[in-house]
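A quick write-up on the structure given underneath.
Only the coordinates and a few stated rules stand behind these numbers; no lab work does. Owing to the predicted nature of the structure, the values given are computational and were not obtained by experimental measurement. Please note: Cβ atoms are built from the backbone with ideal geometry, for glycine as well, and neighbour counts cover all protein chains shown.
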Amino acid sequence: MTTESEVTFLGLDLSTQQLKGAVVNEKLEIICEETVIFDTHLPEFRTNGGVIISKTNPHEITAPTIMWVKALDLLMDKLIVASVDFSKIAAVSGTAQQHGSVYWQNGAEKTLGNLDPSNFLHTQLATSFSIPNSPTWMDSTTKIECRCLEGAVGGPEKLASITGSRAYERFTGSQIARINTHRPDAFKNTERISLVSSFLASLFLGKIAPIDYSDASGMNLMDIKNKKWDQKLLDVCGPNLAEKLKVPVPSCTCLGNISPYFLERYGFNKDCKVVACSGDNPSSLIGMGLEKDWLAVSLGTSDTLFLWLSDPKTVLNGHILCNPLDPEAYMAMLCFKNGSLTRERIRNKHADKSWDKFDELLESTPRGNFGYIGLYFDVEEILPVAIGEHRYNKEGKKLSKFSSSEIEIRAAIEGQFLTRRLFAEDIGFQIGEGTKILATGGASKNKAILQVLSDIFGCPVYIQDVVNSAMIGAACQAKIGYSGKSGDVFSYPNELRPKLVCEPYKNSQDIYVPMVKRIREIFKTINS
Ligand code: ADP
Ligand code: XUL
């Protein structure tokens with residue numbers, strides 16, 4: 001008999017390029033972690049970066065659904081080889097790329113409920129998908145369908161006020177609509193539609209799992225306030241969609257016991273629970289232990305801001321999703337394309353490709369940069385929609401270049417974070433006494449950059465020792481769903497708690513609040 005102290009949780013991460021699984025203990029320490037990389041471990045599917053780009057339409061980016069099933073077979077085998085004791089796993093949950101969709105063929109749920117434990121999943125589910133290649137979040141084929149969704153409710157603003165986002169091509173509603181018009185026969189043969197996250201839960205549950213609120217809010221179909229599908233929007237996308245999607249459930253809902261297939265094949269405990277899976281961004285919010293008052297700033301290839309919101313505003317550029325820890329709350333997500341690659345380009349040009357030199361030059365200039373402002377959009381930016389280099393002096397006069405490398409370096413970093421602050425505030429984020437920033441991603445190891453972040457937002461910056469926050473988030477979901485405790489009482493272990501790295505200088509707000517206003521004025525002149 002398993003005692004409480006021995007209980008473990010299995011968290012899976014079905015992302016674009018790989019499937020990962022981690023077994024964690026109650027303190028969320030990783031006991032075992034295994035990975036299946038689609039391109040290298042499953043070469044027979046001929047994916048590149050986990051996806052297939054259509055030869056005839058470069059915007060069509062899909063992934064073979066059965067490849068994901070086979071990846072789970074392989075991952076389970078790897079966990080056996082790693083001597084995981086499946087009988088100790090109290091609950092399983094997962095996270096997955098957002099927006100992607102899976103089309104179950106008529107009769108698939110019956111097959112799922114009657115799997116033979118002596119065979120692999122992928123051989124038994126080979127004919128269970130009416131659309132064999134799932135559209136992924138990278139697909140952008142649905143311009144027309146997006147306009148139809150916006151048109152159905154009275155425009156992009158109205159759609160954003162209902163669903164949390166204006167129509168985006170990767171969002172699932174328009175993807176379903178395209179399948180309905182382009183492949184009507186396959187659509188007719190579709191018994192149910194899952195998101196990648198609820199598809200993953202379905203494999204463990206032995207029946208088609210419901211979609212959770214957070215991932216449902218990445219579909220352009222759900223009213224994020226009452227958590228119900230919007231019938232007008234469903235009708236735009238296809239017939240009987242409510243039947244195919246079924247009712248969404250709160251994130252971290254315990255969906256039931258693991259299927260007999262997993263009991264018999266791997267020796268799971270018969271009481272092992274399957275907890276609703278979610279999208280990678282909501283799961284990251286859980287994995288980072290993000291609470292009210294926190295703003296997470298991921299400084300990766302692109303920069304992404306996550307924030308916990310109680311009262312969201314309607315925004316046209318940015319996403320409001322249902323919060324996975326608190327059904328009354330929301331989370332916002334803002335993506336900026338020009339992040340680390342732009343910083344790197346400026347470093348290469350002005351600091352001999354050295355971060356040390358870059359930091360030295362950055363630190364040699366004063367906060368506020370003598371009033372100089374620089375905005376660098378190497379590729380067309382999302383927020384704001386703009387491209388090119390834009391430099392200004394204190395009087396607002398446009399300059400073609402700055403007089404020194406150090407001014408350009410500070411201008412680039414300040415310009416980025418002033419922009420991040422402006423859009424965070426526009427989406428409803430209020431910087432208050434208790435506001436804290438959690439920095440993640442590649443550039444979060446750079447203290448000089450984090451100091452600018454801290455000064456511009458006027459709040460302390462923390463970093464955290466979590467490598468894959470979405471996967472840890474999935475393990476947390478399993479723990480939350482198993483214990484039945486709501487997000488509020490969910491305790492995050494001390495070892496994983498964020499550590500303070502920078503605090504703002506006292507006069508920083510006197511300098512930067514007016515600069516945010518200046519940037520706002522500048523954006524009115526440079527929007528492309
Ligand atoms: P991804 O978003 O692709 O997962 P990462 O979060 O790993 O990317 O971030 C990669 C980026 O981190 C690189 O492009 C690099 O510019 C940046 N980076 C790495 N080290 C530093 C550093 N010391 N200072 C600033 N940026 C850094
Ligand atoms: C979010 C988005 C991506 C995917 C990546 O809107 O499209 O972050 O979730 O997996």
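For the range 11-20, the Karplus equation 6.51 cos²θ - 1.76 cosθ + 1.60, evaluated at θ = phi - 60°, returns couplings of x, 10, 10, 9, 9, 4, 9, 7, 10, 10 Hz by residue, with Gly and Pro reported as x. Assign one of three labels to the range 171-296, namely rounded, prolate or oblate, based on the Cα gyration tensor with a ≥ b ≥ c the square roots of its eigenvalues; rounded applies when a/c is under 1.5, prolate when it is not and a/b is larger than b/c, and oblate otherwise. Because a/c hits 1.5 or more and a/b fails to exceed b/c, the range 171-296 counts as oblate. Near the amide H of Ile131, within less than 5 Å, lie the amide hydrogens of Tyr103, all on another chain or at least 5 residues away, with H placed in the peptide plane.
The slack in the chain from Lys227 to Gln509, taken as 0.36 nm per residue of separation less the alpha-carbon distance, amounts to 97.7 nm. Rounded, prolate or oblate: which fits the range 80-135, taking a ≥ b ≥ c as square roots of the Cα gyration tensor eigenvalues, rounded meaning a/c under 1.5, else prolate when a/b beats b/c? Taking the square roots of the gyration eigenvalues as a ≥ b ≥ c, the range 80-135 is oblate.
Angle of helix 65-81 to the longest C-alpha principal axis of the chain, folded into 0 to 90 degrees and rounded to 10: 80°. Scanning residues 5 or more positions from Ala209 or on other chains, those with amide H under 5 Å from its amide H are Ser202, with H placed 1.01 Å from N in the peptide plane. The alpha carbon centroids of the range 100-148 and the range 155-206 are separated by 12 Å. Of all DSSP beta bridges confined to the chain, the antiparallel ones make up roughly 75%. For the range 21-114, trypsin sites (Lys or Arg not before Pro) meeting the loop criterion (DSSP other than H, G, I, E, B) and having at most 15 other Cβ atoms within 10 Å: Lys27, Arg46, Lys55.
Which GluC sites (Glu not before Pro) in the range 403-444 pass both tests, a DSSP loop state and at most 10 other beta-carbon atoms within 10 Å?
Working: sites: Glu406, Glu408, Glu414, Glu425, Glu433; in loops: Glu433.
Answer in residue order: Glu433.
Output the pairs from Lys228/Lys270; Lys273/Lys485; Lys27/Lys70 with a Cα-Cα distance over 26 Å in this structure; if there are none, say none. In this structure, Lys228/Lys270; Lys27/Lys70 lie more than 26 Å apart at Cα.
Rounded to the nearest whole Hz, the Karplus-based 3J(HN,Hα) values (6.51 cos²θ - 1.76 cosθ + 1.60, θ = phi - 60°) of the range 110-119 follow the sequence 5, 4, 4, x, 10, 6, 8, x, 8, 10, with x at glycine and proline. Each residue, Lys188 and Glu264, gets one label point 7 Å from its Cα in the Cβ direction; the gap between the two is 3.6 nm. If R0 is 45 Å, the Cβ-Cβ spacing of Lys349 and Asn119 corresponds to a FRET efficiency of close to 0.20.
The H on the amide N of Ile31, modeled in the peptide plane, is under 5 Å from the matching H of Val23, Val24, Asn25, each at least 5 residues off or on a different chain. Length gained on full extension, Ser403 to Glu291: 36.0 nm, using 0.36 nm per residue less the C-alpha separation.
For Lys246, the aspartates and glutamates whose Cα falls under 18 Å of its own Cα, not counting residues fewer than eight places away in the same chain, are Glu109, Glu191, Asp212, Asp215, Asp223, Asp230, Asp235.
From the Cα gyration tensor of the range 224-328, with a ≥ b ≥ c the square roots of its eigenvalues, which class applies: rounded if a/c is under 1.5, or else prolate if a/b is larger than b/c, or else oblate? Since a/c reaches 1.5 but b/c is at least a/b, the shape of the range 224-328 is classed as oblate. Residue by residue, the range 510-519 carries 3J(HN,Hα) couplings of 4, 7, 8, 4, x, 5, 4, 4, 4, 4 Hz when phi is fed to the Karplus relation 6.51 cos²θ - 1.76 cosθ + 1.60 (θ = phi - 60°); x denotes Gly or Pro. Estimated from helices alone, the mean residue ellipticity of the chain at 222 nm is -10500 deg cm²/dmol (sum of -39500 (n - 2.57) over DSSP H runs with n ≥ 4, per residue).
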